[in-house]
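Working notes for the structure below.
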Amino acid sequence: MAAEIIYRVLRSMAEFEQVAGLERIIWNMPAKDSLSGDVLRSITHNGGVLIGAEADGELVGFTFGFASRSGGSWRLWSHATGVAKAVQGRGVG
């Protein structure tokens, strides 16, 4: 049976760095083109959210968004969602 997927808000610098590493793996991108842990920390400390998906204690996916304005209304702008190849097709994203 497949591992249960657990979702939770990520809050620590170590978790932000894990997301940055996972982003590079998912999209096969160099570190210079990916988000840094510092940028993710800034987003989450200023109205954004970063949610991780874990299977067997391992980060296998993430989604994040940040506060934005359109006209006079505030909204949460969903910016990116990534899922590790091993769990794609399981409804993680």
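For the reader, a short list of remarks on this structure follows.
- Accessible area in square angstrom per residue, the stretch 1-91, 1.4 angstrom probe: 63
- For D56, solvent-accessible area (1.4 Å; no DNA, RNA or ligand), Å²: 140
- Rounded tilt (10° steps) of 13-27 against the dominant C-alpha axis of the chain: 70
- With each label modelled as a point 7 angstrom along the Cα→C-beta vector, the N28-V9 pair spans 3.6 nm.
- The C-alpha atoms of the stretch 11-75 occupy a region whose extents along the principal axes are 41, 27, 18 Å, arranged from largest to smallest.
- For E58 and T81, the FRET efficiency from 1/(1 + (r/R0)^6), where r spans their Cβ atoms and R0 equals 22 Å, is about 0.80.
- Portion, in percent, of the accessible area of the chain that falls on carbon or sulfur, probe 1.4 Å: 53
- Assigned charges on the beta-carbon of Lys, Arg, Asp, Glu; the chain dipole about Cα centre (debye): 360
- Mean Cβ neighbour count within 10 Å, used as a protection proxy, ranking 40-48, 19-27, 70-78 highest first: 19-27, 40-48, 70-78
The values are calculated or read from the model by the stated rules, or taken from the named source; none is laboratory data. It should be emphasised that the depicted structure is a prediction, and the values quoted were computed from it without experimental measurement. Quick reminder, even Gly has a Cβ in these numbers, built from the backbone with ideal geometry, and neighbours come from all protein chains shown. These area figures cover heavy atoms from the full protein model, side chains too; ligands, DNA and RNA do not enter into them. Shrake-Rupley method; radii C 1.70, N 1.55, O 1.52, S 1.80 Å.
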